[in-house]
Amino acid sequence: MNKKRLFIQVAAAIVLYVVISLILEKEYTQPVIVREILEGVVFGLLYGVFVYFREKFKNKKE
């Protein structure tokens with residue numbers, strides 16, 4: 001998996017997390033938006049690490 005594809009997947013995960021969280025929260029004040037964006041970035045980074053290691057170990061087995 002190349003870096004561009006990984007970055008696009010992480011960015012999509014962040015955007016989806018933030019949008020879904022804001023819809024479920026039903027509150028759109030600035031502190032809530034900032035909190036959800038920060039949580040989205042953390043989620044996206046963890047997802048990116050997971051995908052990277054999954055691809056790395058999957059390729060070693062083949």
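The values are calculated or read from the model by the stated rules, or taken from the named source; none is laboratory data. Please read these numbers as outputs of a predicted model, since none were measured by experiment. Every residue, glycine among them, receives a Cβ derived from its backbone with ideal geometry; neighbour counts consider all protein chains shown. Ligands, DNA and RNA are excluded from the accessible area calculation, which covers all protein heavy atoms including side chains. Shrake-Rupley method; radii C 1.70, N 1.55, O 1.52, S 1.80 Å.
Tabulated data for the structure shown
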item: Condition met for residue 27 (free of Cβ contacts under 8 Å to residues at least 60 places away in the same chain and surrounded by 11 or more Cβ atoms within 10 Å (Cβ to Cβ)); result: no
item: Residue pairs meeting the criteria (Cβ under 7 Å; at least 6 apart or on separate chains; first more than 17 Å from residue 4 (Cβ to Cβ), in the range 43-58; second small (Gly, Ala, Ser) and assigned to a helix (DSSP H, G or I)); result: 43/13
item: Within the range 1-24, considering residues that are under 11 Å from the mean Cα position of the chain (by Cα) and small (Gly, Ala, Ser), the one least open to solvent (accessible area, probe 1.4 Å); result: 13
item: Matching residues, the range 30-62, being more than 15 Å from the chain's Cα centre (by Cα) and surrounded by 11 or more Cβ atoms within 10 Å (Cβ to Cβ); result: 32, 33, 54, 55
